[in-house]
1. Being open to solvent by 30 Å² or more (accessible area, probe 1.4 Å) and out of contact with any Pro (no Cβ under 7 Å at 6 or more places or on another chain) narrows it down to one residue among N498, N473; which is it?
2. Please specify each residue of the stretch 330-349 satisfying the condition of being part of a loop (DSSP other than H, G, I, E, B), at pLDDT below 90 and open to solvent by less than 70 Å² (accessible area, probe 1.4 Å).
3. Would you check which residues across the stretch 383-429 are farther than 23 Å from N473 by Cα, open to solvent by less than 40 Å² (accessible area, probe 1.4 Å) and among the small types (G, A, S) and list them?
4. Checking the conditions here, which among L304, L239 is closer than 30 Å to W339 by Cβ, modelled with pLDDT of 85 or more and either among the polar types (S, T, N, Q) or under 22 Å from the mean Cα position of the chain (by Cα) (or both)?
5. So in the stretch 483-495, with the set limited to residues that are open to solvent by 10 Å² or more (accessible area, probe 1.4 Å) and small (G, A, S), which one is nearest to Q467 (Cα to Cα)?
6. Can we say L67 is farther than 21 Å from D95 by Cα, in contact (Cβ under 8 Å) with a residue 40 or more places away in the chain and out of contact with any Leu (no Cβ under 8 Å at 6 or more places or on another chain)?
7. Of the numbered conditions (1) among the aliphatic types (A, V, I, L, M); (2) surrounded by fewer than 18 Cβ atoms within 10 Å (Cβ to Cβ); (3) assigned to a strand (DSSP E or B), A34 fails exactly one; give the number of that condition.
8. Filter the stretch 350-385 down to residues that are farther than 20 Å from L442 by Cβ and either not in a loop (DSSP other than H, G, I, E, B) or not acidic (D, E) (or both), then give me how many there are.
Amino acid sequence: MTATYSCVDTLSSSTTLTAGRSVTCEISIAGVGAPSAGLADLDHLHDGNGDEICPKPVFTVGAGALLFTFTPQRHGSLGLARLRYNGQVLATAADAYSSLAFDLGAEVAVDVHAKRFLIVEGDPYPQTYSGANQVGDIDGTWTGFGDFQTTNAGLRWPPARTASTAGEDISATLLSTVTTGSLQKDITIPANQLRFQFRVKYFFTSNVTTTLRQNSFIGRVRVSMLDSGGTEVDVIRDLTMFSYLRGVVIEGSDRNQVNDGDIRFEEQLQIVGAIRPADHVTIRVRIEVDHTSNEQLWFIAPILQYAVTTDALDSNDLAALQAFYTAVATTAPSVVASWRTPSNGAFNGDPCFNRWKGVRCRFGRIVGLELNNVGLSGALPAAATLGQMTKLESINFRNNSLSGVWNWGTGATALRTVRIVDNQFTAIDNGGVFVHSTHTCLKYFNADSNLITALPTSGLLTHKALQRFKVQNNVIAQAMPSDFSGMVSLTDLSLGLNQFTGSFPSVLPLYSLASIDVGFNQLTGVVPRIITSGAPANQAPPTPNAGYPYDAVNHFQQLEVVDMS
């Protein structure tokens, strides 16, 4: 069977797919006139940078085709979908994009089962920007313009155009006699503006007939803020461009949490930032080009616009964040200074644009809380409130004084990583993030060095996605669970420095486990035989992804560390 994909922007029906915007995909299966959603599963769904999208979308059926909707979070050329229907991975009907082994050229075989996507960069904070282009065309108003030529001749993209006084059509690159040069322009910020976006298209080509020299610096785009005295007070983004094979790699600082490092050819750079009226007076745009390696880089159509509104953050995210602050952060000095306004004590506007300490955002949603060693103390607020941060992916509360029960509720279904090491938690919620049916994304949970007295009684031992579970150096006083085989993805199990009783676990996940630490407990009984070189010749290997009494088969495939000290 062959699957044919049609994916469009959900709102505009455009075939251009943009990070941060909903995408609807329709899949027709050859020979299947009425597909069943219950038989369909996305074997893989990758974001623009190649990361797995999680949680996976749910299938519906319409007009004889399967439908699913998702919102890509990261831009790039590595978007991918692969459909499994009725247990079979389906081949993908050929299309111009999916048939390209574009990421590493002809060295990589094409996956005939994969539908590939290009995800273009989106505005990290949904916002309507109004007003005329403030930066103007690339012309003599830019410092360094004398080293550049402006023309469209010879460009494959955009089509050749005649430069006009309306601007935004002229393309600029270095003169043939110049190998390095820069363009710089300072733009005074109008009154009452609180956000800006800067966009510039670029086109990359090469005069080299053989493979390009890898990691060659070819250009840079830097946007910063100046105060009234002309001193740089804030670097919004500093993007460095390198040639790599037949593409461009974008690297650099990223204050607004847009993913970097995508391979690009004919694309657009977008920089979005906040304006603080107190000390932001001027925006400085600097563009550098380097043709030392015989490549050629053109910049096209720079656009700078402003917006006057500030609160684009999801209201539920904001309410949960404020409740979290009230419960555990009022005595954390660096958090107070960042999250509250000194003049009146009110919350400091939009956590994303005002860069609240430890808050990571993407497209107007909170995706990370990185509050390591900041002085958090007390018990967390109600789990139902915290669970309103439904796009939250990572938590790091290492080395604070949080206490009571760890419970983040059931709403945070995108949660992947939890680090609550070196706190004073006494318990882990039963269920919650460990319910695999709702929390399929959780991969890493580390609660070392707390005061936890018991493992959660439901969910944990059957969580199929969890890879690393660490609760060392607690006060867990219970019988050691005998069967961990339901944790089929588990690679690292760390239960040492507790008060577990009973015997060493009798059933472990054979095909994933690489390390197990049960040292410094109160275990008794026979030390098990653990052999990792394979099953005895007279015994068939166990069923893949199944736990198995290791003393009977001794067929661990990944196991490297066993600590029973």
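1. Numbers: N498 fails: open to solvent by 30 Å² or more (accessible area, probe 1.4 Å).
Result of the check over N498, N473: N473.
2. We begin by selecting, within the stretch 330-349, every residue part of a loop (DSSP other than H, G, I, E, B); these are 330-332, 341-346, 348-349.
Still in the list and also at pLDDT below 90: 341-346, 348-349.
Answer for the stretch 330-349, where residues must be part of a loop (DSSP other than H, G, I, E, B), at pLDDT below 90 and open to solvent by less than 70 Å² (accessible area, probe 1.4 Å): T341, G345, A346, N348, G349.
3. Those that are farther than 23 Å from N473 by Cα, open to solvent by less than 40 Å² (accessible area, probe 1.4 Å) and among the small types (G, A, S): A383, G387, G409, G411, A412, A414.
4. On the way: L304 fails: either among the polar types (S, T, N, Q) or under 22 Å from the mean Cα position of the chain (by Cα) (or both).
Just one listed residue meets the conditions, L239.
5. To start, the set of residues in the stretch 483-495 that are open to solvent by 10 Å² or more (accessible area, probe 1.4 Å) comprises 483, 485-486, 488-489, 491-492.
From what's left, small (G, A, S): 485-486, 489.
Working: S485: 12, G486: 12, S489: 5 Å.
Among them, the one singled out is S489.
6. Working: farther than 21 Å from D95 by Cα: no; in contact (Cβ under 8 Å) with a residue 40 or more places away in the chain: yes; out of contact with any Leu (no Cβ under 8 Å at 6 or more places or on another chain): yes.
For L67, the condition - farther than 21 Å from D95 by Cα, in contact (Cβ under 8 Å) with a residue 40 or more places away in the chain and out of contact with any Leu (no Cβ under 8 Å at 6 or more places or on another chain) - is not met.
7. Against the list (1) among the aliphatic types (A, V, I, L, M); (2) surrounded by fewer than 18 Cβ atoms within 10 Å (Cβ to Cβ); (3) assigned to a strand (DSSP E or B), A34 comes up short only on (3).
8. Restricting attention to the stretch 350-385, the residues satisfying the condition of being farther than 20 Å from L442 by Cβ are 350-359, 361, 363-364, 373-379, 381-382.
Applying the additional criterion that residues be either not in a loop (DSSP other than H, G, I, E, B) or not acidic (D, E) (or both) yields 351-359, 361, 363-364, 373-379, 381-382.
Matching residues across the stretch 350-385 total 21.
The values are calculated or read from the model by the stated rules, or taken from the named source; none is laboratory data. No experiment lies behind these values; they were computed from the predicted model shown. Cβ atoms come from the backbone with ideal geometry, glycine included; neighbour counts cover every protein chain shown. Quick note on the areas: whole protein, heavy atoms, side chains included, nothing else; ligands and nucleic acids left out. Shrake-Rupley method; radii C 1.70, N 1.55, O 1.52, S 1.80 Å.
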